[in-house]
1. What are the ³J(HN,Hα) values, in whole Hz, obtained from phi via the Karplus relation 6.51 cos²θ - 1.76 cosθ + 1.60 with θ = phi - 60°, for each residue of segment 155-168 in sequence order, with x given for Gly and Pro?
2. What number comes out for the charge environment of Thr60, summing +1 per Lys or Arg and -1 per Asp or Glu over other residues with Cβ under 11 Å away?
3. Tell me what the chain gives for mean residue ellipticity at 222 nm when only DSSP H runs of n ≥ 4 count, each as -39,500 (n - 2.57), the sum divided by the residue total, rounded to 500 deg cm²/dmol.
4. Using the Cα centre as the reference, give the magnitude of the dipole from point charges on the C-beta atoms of segment 145-209 (Lys, Arg: +1; Asp, Glu: -1; all else neutral), rounded to the nearest 20 debye.
5. When the Cα centres of segment 150-171 and segment 45-99 are compared, how far apart do they sit, in Å?
6. Using a 1.4 angstrom probe on heavy atoms only, work out the carbon and sulfur share of the accessible area of segment 123-209 in %.
7. Given an 8 Å cut-off on Cα distances and at least 6 residues of separation, report the relative contact order of segment 22-117 as a percent.
8. Report, in debye and to the nearest 20, how large the dipole of segment 25-154 comes out about its Cα centre when Lys and Arg carry +1 and Asp and Glu carry -1 on their Cβ.
Amino acid sequence: MSILNPKVDIFLQEGCGRCHLYQTAACRALVWNEGLHEMRRIALECGLIEDFKWQHPCYTFEKKNILILGAFKEYFAFNFFKGALLNDDKNWLVSPGENSQSGKQLRFTDVRDVLKKEKAIKRYILEAIEVERSGKEVVKKTMDQYPIPEELKEKFTEDPSFKSAFYALTPGRQRGYLLFFAQAKQSSTRTSRIEKFMDSIFKGKGYQE
């Protein structure tokens, strides 16, 4: 019999507590409550262990993360940690962001759609378990595959200590900055972003820290 995590019960009753909508009718976890309940049931019926991570219901296999349930403004979703490795023959999986390399989502806006697609959803989940059991890993881009904005190169030339500080960051922090800087369409915006975060980079922090 599946063991229900009491933290997930609280999440479904009150919300995740990450914003001012907590415990209100507008909380995403409450807006999509019926759908989240069904997704929880489906995940447990696939033999996953229920945990609570990042303030959301998370489901694991042999202590490895398989999927996490998400409630967003426009939809609720199964978020597969290694979704990029799944055989998406139905073309249902969606990337959670343009720079996401591993995770994929199964999105819904109606609980009836979850119930209608339940058998197929379970096939996705069981495949995700097999992917984890096999030990497969998503091959991600290496740092040298991310372009360095010209404005950042100029700052490196002007201040070699800044260049050293940047490359002393963890790969994840470097990647985050490169993507953030490159998102700006105008050179002046890219420059202002770089200058704004120079102090954080010297302190070894990521741009969201």
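1. 5, 4, 5, 5, 9, x, 5, 5, 4, 5, 5, 5, 7, 8
2. Numbers: positive: Lys53, Lys63, Lys64; negative: Glu50, Asp51, Glu62, Glu132.
Here the count lands on -1.
3. Numbers: 9 runs with 95 residues, N = 209.
The per-residue figure over the chain is -13500 deg cm²/dmol.
4. The dipole magnitude comes to about 220 debye.
5. 36 Å
6. Values: 2740 of 5490 Å².
For segment 123-209, the apolar C and S fraction of the accessible surface comes to 50 percent.
7. On the way: 133 pairs, mean separation 21.1, N = 96.
Rounded, it is 22 percent for segment 22-117.
8. Using Cβ point charges on Lys, Arg, Asp and Glu, segment 25-154 gives about 400 debye.
The values are calculated or read from the model by the stated rules, or taken from the named source; none is laboratory data. Because the structure is predicted, anything quoted here is derived from the model rather than measured. Note that we place each Cβ from the backbone using ideal geometry, even for glycine, and neighbour counts take in every protein chain shown. Note: areas computed on protein heavy atoms with side chains; ligands, DNA, RNA excluded. Shrake-Rupley method; radii C 1.70, N 1.55, O 1.52, S 1.80 Å.
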